[in-house]
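Let me begin by presenting the structure, written as structure tokens, before commenting on it.
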Amino acid sequence: MKRSRVLAVMCLVLAVAPGCKKASESSAEKAAERAIEKATGNKADVNISGEGVKITGKEGGKEFSYEVAGKGGAAALPKNFPEDVPRYPQATVQSSMSQGNAMNMVMFQTGDAPDKVQAFYGAKLKDGGWEIVSEVSTPQMRMISAKKAGREANVTVVGDKGKCTISVVYSDGKG
């Protein structure tokens, strides 16, 4: 429940942040921090810049972070992004969410075709020792679900207007 409140506040911050000018960034950050604390009872640090929005804090003793790139920028991979989860070459990180090892998500974007991206992830996951549990392909979307040593990885690929969005969700399987 608290996690969904944090996400709702983050969406509000992201909707307002692009209109913020340097002078008002600090007040927008403070307002977002107060809203998160009121919604969750936990303190958070909000940083709004021309490069995007980053929210970090702790909930239930576990660290969390949400980051969304500003226009034309790139967000950072979470610190705990597993080495054995493939990263698509030349894709930029558009957003990331980390909640310890329980559940994490990274959104990438590339100009490559969805079929090419799906083939890359299918091959790289298999090569990395992941067991492909399911693979689905529709005209609008491609999905791959994989497991390895109790962990899970799900890749969703969506193409639209010459761009391809890649969502990689991974967890330690305990979340």
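Values in this text are rule-based calculations from the coordinates and carry no lab data. Since the structure is predicted, the reported quantities are computational estimates derived from the model, not experimental observations. We place every Cβ from the backbone using ideal geometry, glycine too, and count neighbours over all the protein chains shown.
Data overview
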quantity: Within region 133-175: backbone nitrogen closer than 17 Å to the residue 63 label point (7 Å, Cα to C-beta); calculated: 172
quantity: Distant-in-sequence amide H partners of residue 52 (H built 1.01 Å from N, under 5 Å); calculated: 70
quantity: Karplus (6.51, -1.76, 1.60) ³J(HN,Hα), θ = phi - 60°, over region 112-126, in Hz, Gly and Pro reported as x; calculated: 6, 6, x, 4, 5, 5, 4, 4, 4, 5, x, 5, 5, 5, 4
quantity: Estimated distance in nm for a label pair at residue 47 and residue 80, the labels positioned 7 Å out from Cα along Cα-to-Cβ; calculated: 2.0 nm
quantity: Charge dipole magnitude, Cβ of K and R +1, D and E -1 - region 82-175, Cα centre, debye nearest 20; calculated: 80 debye
quantity: Region 31-63: trypsin sites (Lys or Arg not before Pro) in DSSP coil with no more than 15 other Cβ atoms inside 10 Å; calculated: 43
quantity: Loop-resident sites, region 74-145, for trypsin sites (Lys or Arg not before Pro), counting at most 11 other Cβ within 10 Å (DSSP); calculated: 79
quantity: Packing rank of 146-155, 104-113, where each peptide gets the mean count of other beta carbons within 10 Å, highest leading; calculated: 104-113, 146-155
quantity: Karplus 3J(HN,Hα) series, Hz, for region 31-37 with 6.51 cos²θ - 1.76 cosθ + 1.60 (x for Gly, Pro); calculated: 4, 5, 4, 5, 5, 5, 4
quantity: Ranked 64, 81, criterion: other C-beta atoms within 10 Å, fewest first; calculated: 81, 64
